[in-house]
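Below is one structure, written out as structure tokens; comments come after it.
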Amino acid sequence: MATAVSPAPDALPVSLADIQTAATRIAGSIVRTPTLHSQTLSQMTGARVWLKFENHQFTAAYKERGALNTLLQMSADARAKGVIAASAGNHAQGLAYHGHRLGIPVTIVMPKPTPTVKVTQTESHQATVILEGETFDAAYAHARRLEEERGLTFVHPFDHPHIIAGQGTVALEMLADAPNIDTLVIPIGGGGLFSGMGTAARALKPGIDLVGVQAELYPSMYAALKQLDMACEGDTLAEGIAVKRPGELTSRFVEALADELLLVSERDLERAVSLLLQIEKTVVEGAGSAGLAALLAHPARFKGREVGIVLCGGNIDTRLLANVLLRDLARSGRLARLRVRLQDRPGALFHVARIFDEQHVNIIEVYHQRVFTSLPAKGLITDIECETRDQAHLDRLIDALRAAHYKVSMVELA
């Protein structure tokens, strides 16, 4: 593990004092979310795991901190004219919510494909939403044009000292509540959260281990700091950290502070979202699960350590969450689809169903296929979707079917 080189006090434009001042400034208007020990996740990973529940903020994400810290430092004239941002997610909602609370007009430019739920949530805070372009880059460019044309103040989602200082308050609270934390695992998209938390944590505990996490599909900061040419594209569960280009300012912080950057797969992210709901009874979005995903993917890296994880957001589409949970059930063997070859004759399905009954397996759905198959005309393929207790229970069912001379195979999940 590489040892980070601490920057000179004046090398980076945000200090511990700036973050402490930001904490005082935003106190009372931000939820002081809990940092709690997870006994079950600790047993699973071999580390002592501490969770910071930033998904408990009013807009369900930490982004409120930096947005509010920025708004409170604006002049009266700038507040009267209003602010503008380009965002399709948590930054938009945090800025809109606190802007409305403070009487500051907020305009948000979003790409046209932004899900309707995110548009309506942002508009619910009385923000003006403009849909422009097919990509974030197009929306960003339009927002910067409107900034000039209308004399608005542009509030960057991550690449600004006031934003970074606000996000750093997360680390102040974590280390106050769990002072034994010796490792922080922090999601990185643009890098604002890591920059702020890393600055505060390294100043308070110089020997702390700072680990950044990115999705494998969007390794922008990882590639930039390692000078690699890596694609940033695809449909990631962690869209909150799916940033194609990291910030210029935040890149300096991450380079100076990070001990290591890790990449996590979509499967790791899905498993982490599912575990947090099942074990901690808390809903997180893909980006919010990235810290736990890193522990699941690299257990040896964190074994025996006091690890702090930020559940940085909880804004996930309910249909997507349902899919994630069902896929996790399938991968763990609790939900399965078995393909069974039968003869197309009376009683065939009854005899198969009897074996399911004997093994105490619940049948959910049955799908027959007589036409689109290479079997003889009297052959029949039946897919049976079923629910079992665990993988061992599923294995017993398959063994029982094969013992009864049925040809059976799993319909695998990708």
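The values are calculated or read from the model by the stated rules, or taken from the named source; none is laboratory data. Given the structure is predicted, the values throughout are model-derived calculations rather than measurements. Please note: Cβ atoms are built from the backbone with ideal geometry, for glycine as well, and neighbour counts cover all protein chains shown. The accessibility values were calculated without ligands, DNA or RNA, using every heavy atom of the protein model including side chains. Shrake-Rupley method; radii C 1.70, N 1.55, O 1.52, S 1.80 Å.
Within 22 Å of the chain's Cα centre (by Cα) and not in a helix (DSSP H, G or I) - does that describe any residue in the stretch 161-178? There is no residue in the stretch 161-178 that is within 22 Å of the chain's Cα centre (by Cα) and not in a helix (DSSP H, G or I). Of all residues in the stretch 366-408, those being assigned to a strand (DSSP E or B), modelled with pLDDT under 90 and either hydrophobic (A, V, I, L, M, F, W, C) or open to solvent by 50 Å² or more (accessible area, probe 1.4 Å) (or both) number 5. Those helices (runs of 4 or more DSSP H) of the stretch 214-310 in which at least 2 residues are under 14 Å from the mean Cα position of the chain (by Cα), considering only elements entirely within it, cover 266-280, 290-297.
Does L262 fit the bill of being touching a helix residue (DSSP H, G or I) at 6+ places or on another chain (Cβ under 6 Å) and either open to solvent by less than 20 Å² (accessible area, probe 1.4 Å) or free of Cβ contacts under 8 Å to residues at least 60 places away in the same chain (or both)? For L262, the condition - touching a helix residue (DSSP H, G or I) at 6+ places or on another chain (Cβ under 6 Å) and either open to solvent by less than 20 Å² (accessible area, probe 1.4 Å) or free of Cβ contacts under 8 Å to residues at least 60 places away in the same chain (or both) - is met. Within the stretch 185-219, being surrounded by 22 or more Cβ atoms within 10 Å (Cβ to Cβ) and among the acidic types (D, E) holds for one residue alone: D209.
Within the stretch 47-96, the residues that satisfy the criterion of being more than 21 Å from the chain's Cα centre (by Cα), of a type outside the set (K, R) and open to solvent by 40 Å² or more (accessible area, probe 1.4 Å) are L72, Q73, S75, A76, D77, A80. When A348 is tested against (1) more than 17 Å from V411 (Cα to Cα); (2) open to solvent by 30 Å² or more (accessible area, probe 1.4 Å), just one condition goes unmet, and that condition is (2). Restricting the stretch 299-336 to residues that are open to solvent by 50 Å² or more (accessible area, probe 1.4 Å) and touching a strand residue (DSSP E or B) at 6+ places or on another chain (Cβ under 6 Å), the residue that is nearest to I398 (Cα to Cα) is L329. Among (1) closer than 17 Å to V155 by Cβ; (2) crowded, with 17+ Cβ neighbours inside 10 Å, which single condition is T114 missing? Result: T114 passes all but (1). Scanning the stretch 209-236 for residues that are in contact (Cβ under 8 Å) with a residue 40 or more places away in the chain and over 17 Å from P113 (Cβ atoms) yields a count of 12.
Looking across the stretch 135-184, the residues that are of a type in the set (G, A, S) and open to solvent by less than 50 Å² (accessible area, probe 1.4 Å) come down to A138, A139, A141, A143, G151, A165, G166, G168, A171, A178. When K52 is tested against (1) among the charged types (D, E, K, R); (2) out of contact with any strand residue (DSSP E or B) (no Cβ under 7 Å at 6 or more places or on another chain); (3) farther than 22 Å from E123 by Cα, only condition (2) is not met.
Can you confirm whether R345 is in contact with a Lys or Arg (Cβ under 9 Å, 6 or more places away or on another chain), among the charged types (D, E, K, R) and modelled with pLDDT under 95? The answer is yes for R345.
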